[in-house]
């Protein structure tokens with residue numbers, strides 16, 4: 001049974017921070033035009049499901065919406081018989097989502113990668129990020145570094161058996 005505590009994601013991030021884990025949130029110092037500064041925590045990549053409930057809900061709504069984005073044509077794979085005599089049934093696979101992302105022939109705006117960051121940070125923190133002259137690419141750099149750190153960790157950790165987990169294959 002999944003942990004149903006409303007603060008489970010926050011507690012997991014706090015524990016990760018206490019142990020200097022690659023799963024910890026990354027502090028990003030923002031400097032505003034008036035010279036003031038503020039720290040915004042960039043959560044781990046949303047694929048790790050360590051977002052607060054509201055942010056996880058916003059991310060999943062965005063992913064659900066992305067299912068309706070324009071796609072390449074479906075791929076039909078005819079029935080195949082292997083040398084062993086096993087018959088693989090015919091199947092149709094959905095075409096890949098077209099990039100740049102578009103819906104009904106129109107580009108998705110703001111771009112999907114920006115919307116992922118907005119969903120994960122929330123409107124207030126995203127607005128702070130922009131006011132400080134930063135953008136979604138700065139958050140993606142942090143997430144990509146987390147993915148590299150996780151991959152490196154799995155390379156040296158004998159318990160990982162060479163598996164880096166879902167963060168290695170992060171995609172916008």
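Every number here is computed from the coordinates shown, using simple stated rules; none is lab data. Treat the numbers as computed from the prediction; the structure is a model and nothing was measured. Glycine gets a Cβ as well: all are built from the backbone with ideal geometry, and neighbour counts include every protein chain shown.
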Stretchable slack from residue 130 to residue 14, in nm (0.36 nm times residue separation minus alpha-carbon distance) | 39.2 nm
Backbone N within region 63-86 under 15 Å of label point (7 Å from residue 47 Cα along the Cβ vector) = 63
